Amino acid sequence: MPVRLFVGALFGDEGKGKIAAFSAFDEKPFYLVRTGAINAGHTVVHMGKEYKLRALPSGLVTFREGKGATAPGALISIEVLKREVQTLGLSKEQVLVDERTGIITEEHVERERQDQHLAKKIGSTLTGVGMAMVDRVMRRLKLARDYKDEIERFATVADVTSLVHEAVDSYKVVHVEGTQGFGLSLFHGTYPYVTSRDVTASALLSEVGLSPFDVEDVILVTKAFVTRVGAGPLKGELSEEEAKERGLVEYGTVTGRLRRAAPLEENLDLLRRAIRVNGATKLAVTKVDVLFPKAKGVTRWSDLPTEAKVWLSDLEKEVGVPICYVGTGPEALETVKAC
Ligand code: GTP
Ligand code: IMP
Ligand code: MG
């Protein structure tokens, strides 16, 4: 069962990109598959350089020889994909676009901008994802196979599902990277303040075309505190002042909007439910350096400050899943691997 899934526990921006990048460096998977859509920006810092990826898997930043793929259930924009392939300097053979990956165009973005419900009430990222999903449900969305000539100038259009099956059937490790977080799931989140798809482990499998029996690990990524961009409930929400005082101020990767913040302790019910629904086998806790500055850059559990170790052990007892990864800085390798 060589498949590992990376999913978010909260309202997105937990640092799935960073943890996926660390794990790709660590495990050198045969395929790295990105699910979801370009509303999700994954930030990876590696060797002092920052990358923001919206279409390609984050592991390609730390594992440049890897093969990246987009899932049949993913929605991408050709422009965004092309830019990322160029930024990472990847060869055409390394970038596989499933022939059924959906294509978002300017027209989808325009339709979202004009939609008051999405723009004003939901606080959508307005990247065209919801409208492309509407078109897919209506069976009029164009897929990668319809843009084959254009895409094949810089990537390879392929049957990613079959390729992944071949790899899995010969016990090669495959990483599947999810987007957003449990609280933003169309089915399980704080509807209607959610994104336009389910983002749980089962949804990732469905998007790629894998079976639950293929899965070895579900790595659920949570931050040491909770943030949310856009509208919707947030338990224990701090005022902007309080968030600033505690150093919890962040801005969205795609939209640049200020992220609302709350303590994780007030949101353990959300975390527990995310664990149950996703079937999390391992937890990753990022931004521990923000709560405990002495943890900054630490890569061994024994080097973490005592307060951080106590806080993490208490959290582990509260939720009953081992904390296997601890994020101690934005750099992909600023990570403690504890199990
Ligand atoms: P979405 O799919 O959009 O939800 O993205 P994501 O989960 O990949 O998270 P995103 O990259 O949008 O946001 C996480 C932010 O935290 C980025 O700016 C990362 O560089 C940063 N980050 C991730 N892990 C750590 C960490 O352990 N410490 C610090 N200080 N920053 C981190
Ligand atoms: P949409 O999916 O772009 O329509 O946005 C719907 C809601 O999900 C809004 O509250 C967005 O801010 C939020 N959202 C969508 N994608 C992300 C993400 O990648 N990170 C964080 N929030 C997101
Ligand atoms: Mg993000």
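Where a number appears in this text, it was derived from the coordinates with a stated rule and is not lab data. Bear in mind the structure is a predicted one, so any value in this text is a computation, not a measurement. Cβ sites come from the backbone with ideal geometry, for glycine too, and all protein chains shown count toward neighbours.
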Point to revise | Amide hydrogen neighbours beyond the local backbone of L141, cut-off 5 Å, H modeled | key: R136
Point to revise | Neighbour cut-off at most 12 other Cβ (10 Å), DSSP loop, trypsin sites (Lys or Arg not before Pro), segment 230-339 | key: R300
Review point. Taking Cα pairs under 8 Å and at least six residues apart, what relative contact order does the chain come out at, in percent?
Key: 23
Check your understanding: How high is the FRET efficiency from K337 to L268, r the C-beta distance, R0 22 Å, rounded to 0.05?
Key -> 0.35
Point to revise | Projected label distance in nm at E318 and F213, using a 7 Å step from Cα toward the beta-carbon | key: 3.8
Practice item. May I ask you to compute the full-extension gain from V310 to K294, defined as 0.36 nm times their residue separation minus their alpha-carbon distance, rounded to one decimal in nm? Key: 4.4 nm
Revision key, fill the gap. Any chymotrypsin sites (Phe, Trp or Tyr not before Pro) in segment 22-56 that lie in a DSSP loop and have at most 15 other Cβ atoms within 10 Å would be none
Exercise for review: Give a residue-ordered list of calculated ³J(HN,Hα) values for segment 13-30 (Karplus: 6.51 cos²θ - 1.76 cosθ + 1.60, θ = phi - 60°; whole Hz; x for Gly, Pro).
Suggested key: 6, 6, x, 4, x, 5, 5, 4, 5, 4, 5, 5, 4, 6, 10, 6, x, 6
Revision key, fill the gap. Summed over the other residues with a beta carbon less than 15 angstrom from that of V164, with K and R at +1 and D and E at -1, the charge totals -4
**Study point:** Length released on extending from W301 to A231, taking residue separation times 0.36 nm less the Cα-Cα span
**Key:** 21.5 nm
Practice item. Would you work out if segment 1-128 is rounded, prolate or oblate? Take a ≥ b ≥ c from the square roots of the eigenvalues of the alpha-carbon gyration tensor; rounded if a/c is under 1.5, else prolate when a/b is larger than b/c, oblate otherwise. Key: prolate
Check your understanding: Rule-of-thumb check for the chain: C-alpha Rg over 2.2 N^0.38 Å?
Key -> 0.93
Exercise for review: Evaluate the distance, in nm, between pseudo-label points positioned 7 Å from the Cα of V249 and of D149 along their respective Cα→Cβ axes.
Suggested key: 5.1
Review point. Cross-link partners among lysines for K82, C-alpha distance below 20 Å, same-chain residues fewer than 8 apart left out?
Key: K49, K52, K67, K92, K142, K148
Review point. Distance in nm between label sites at E106 and R64, each 7 Å beyond Cα in the beta-carbon direction?
Key: 3.3
Exercise for review: At 0.36 nm per residue, minus the direct Cα-Cα distance, what do R83 and M138 gain on full extension? Give it in nm, one decimal, please.
Suggested key: 16.9 nm
Practice item. Would you mind ranking I76, I103 by Cβ crowding within 10 Å, fewest neighbours first? Key: I103, I76
